[in-house]
Amino acid sequence: MKTVETKNAPAAIGPYSQAKIVGNMVYCSGQLPVNPATSLIEGKTVSEQTHQSCKNVAALLQAAGTSIDKVIKTTCFLADIADFSEFNKVYEEYFVTKPARSCVAVKDIPKGALVEIEVIAEL
């Protein structure tokens, strides 16, 4: 097992790793819409925040030696399920291979974010 760490994605805000590689798979922790340079939430709308979360996912996958095109499964968390359509419009720009996905609304997301995306990808 190998730990993935990069300054191009937000640092962990708790006792966990950004990602782990096991065999030929990478398991990424959920990516908030945090700008890694400022450690602040980027954007006020679901669209803006989804773009930032997707950029963070892509940066983390690149650090692991893979890409967003190799994602097999995503788990997406929304603060409000009413944002599902707006979220999907941005999500489909990044996840063009249409990986398997779960998308749920949750009571709260850390740092008051509107979206969080976690992925499993092949190396």
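The values are calculated or read from the model by the stated rules, or taken from the named source; none is laboratory data. Since this is a predicted model, take the numbers as computed values, not measurements. Here Cβ is always computed from backbone atoms with ideal geometry, including for glycine, and neighbour counts include all displayed protein chains. Note: areas computed on protein heavy atoms with side chains; ligands, DNA, RNA excluded. Shrake-Rupley method; radii C 1.70, N 1.55, O 1.52, S 1.80 Å.
Is there a residue in region 5-20 that is open to solvent by less than 70 Å² (accessible area, probe 1.4 Å), under 10 Å from residue 119 (Cβ atoms) and outside any helix (DSSP H, G or I)? Scanning region 5-20 turns up at least one residue that is open to solvent by less than 70 Å² (accessible area, probe 1.4 Å), under 10 Å from residue 119 (Cβ atoms) and outside any helix (DSSP H, G or I).
Counting only strands (runs of 3 or more DSSP E) that fall entirely inside region 46-123 and contain at least 1 residues that are under 10 Å from the mean Cα position of the chain (by Cα), the qualifying elements are 71-78, 115-122.
Among the numbered conditions (1) touching a residue at least 40 places away in the same chain (Cβ under 8 Å); (2) closer than 22 Å to residue 8 by Cα; (3) open to solvent by 50 Å² or more (accessible area, probe 1.4 Å); (4) in contact with a Ser or Thr (Cβ under 8 Å, 6 or more places away or on another chain), the only one that residue 69 does not meet is (1). The one condition from (1) within 29 Å of residue 81 (Cβ to Cβ); (2) free of Cβ contacts under 8 Å to residues at least 40 places away in the same chain; (3) polar (S, T, N, Q) that residue 49 does not meet is (2). Applying a threshold of 7 Å to beta carbon distances and a minimum spacing of six or more residues, or different chains, the list of pairs starting in region 9-33 at a residue that is among the aromatic types (Phe, Trp, Tyr) and ending at one that is open to solvent by 20 Å² or more (accessible area, probe 1.4 Å) reads 16/29; 27/20; 27/120. On the stretch given as region 21-48, residues that are surrounded by 15 or more Cβ atoms within 10 Å (Cβ to Cβ) and either within 16 Å of residue 121 (Cβ to Cβ) or in contact with a Phe, Trp or Tyr (Cβ under 9 Å, 6 or more places away or on another chain) (or both) total 10. Taking region 66-88 as the range and being of a type in the set (D, E, K, R) and within 16 Å of residue 33 (Cα to Cα) as the test, the residues that pass are 80, 83, 86. Within region 89-106, the set of residues being surrounded by 16 or more Cβ atoms within 10 Å (Cβ to Cβ) and closer than 14 Å to residue 50 by Cα comprises 90, 91, 94, 95, 103.
Among the residues of region 70-80, is there at least one that is out of contact with any helix residue (DSSP H, G or I) (no Cβ under 9 Å at 6 or more places or on another chain) and of a type in the set (A, V, I, L, M)?
Taking region 70-80 as the starting set, the residues that turn out to be out of contact with any helix residue (DSSP H, G or I) (no Cβ under 9 Å at 6 or more places or on another chain) are 72-73, 75, 77.
Remaining after also requiring of a type in the set (A, V, I, L, M): 72.
Yes: region 70-80 contains one or more residues that are out of contact with any helix residue (DSSP H, G or I) (no Cβ under 9 Å at 6 or more places or on another chain) and of a type in the set (A, V, I, L, M).
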